[in-house]
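**Student:** So that we are looking at the same thing, I have put the structure below in structure tokens.
Bear in mind these aren't lab numbers, they're just calculated from the coordinates by the rules spelled out. Remember, it's a predicted structure, so these values are computed and weren't measured experimentally. FYI the Cβ positions are ideal-geometry reconstructions off the backbone, even for glycines, and counts take in every protein chain you see.
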Amino acid sequence: MSEENSHNLRNHSIKKILIPVVKSEYNDKIISYAIILAKGSGASITAIHVLDKSVQGDLGDVFPLKVEEYDKAMRKRAEELLTEVQQVIEKQGIKTGIEVIGAKSVPKGIIDYAKESGVDVIVIGTKGLTGVEKFLMGSVASAVIDHAHCPVVAIR
């Protein structure tokens, strides 16, 4: 390997891995791939769940208490899901962080979080959901692949 190629590899080391998580039986596969990457590179993993604020729209003006209750319930479910994911990853001896974030769109939330946090690679699922959710997750993964600042590993 040339010295130049060796230098380029050092500049592209993986230290931070991001996994966007939704409620899906497919999470195990995504987590497994992230763990493999983390163990091979010594990276940490951050699991996030993005609350789509666009769903709430103008309802906050009309039903502020209902939207607040909905947001609180969704945040609680997301935190429970992320805590489960964190426990699985930490059992493998990998440093793990979790965060629930709100964004105007799920892809934008993932992309912005990854950039702001200096993420080196995103591991995202493309299936595992049904119906409309499956379509949306596919479009989320596609948007993240198209616009992320870093490499994206799409798990199907």
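**Student:** Cut-off under 23 Å on the C-alpha distance; same-chain residues fewer than 8 positions from LYS72 excluded. Which lysines are left, in chain and number order?
**Tutor:** Cα-Cα hits under 23 Å: LYS23, LYS53, LYS104, LYS108.
**Student:** For an R0 of 25 angstrom, estimate the FRET efficiency from the Cβ-Cβ distance between TYR70 and GLU25 and round to the nearest 0.05.
**Tutor:** The pair TYR70/GLU25 has a calculated efficiency of 0.55.
**Student:** Report the calculated FRET efficiency for SER139 and GLU84 (r = Cβ-Cβ distance, R0 = 30 Å), to the nearest 0.05. Don't jump to the answer; show the numbers that get you there.
**Tutor:** Working: r = 26 Å, r/R0 = 0.85.
Once the sixth-power term is evaluated, E becomes 0.70.
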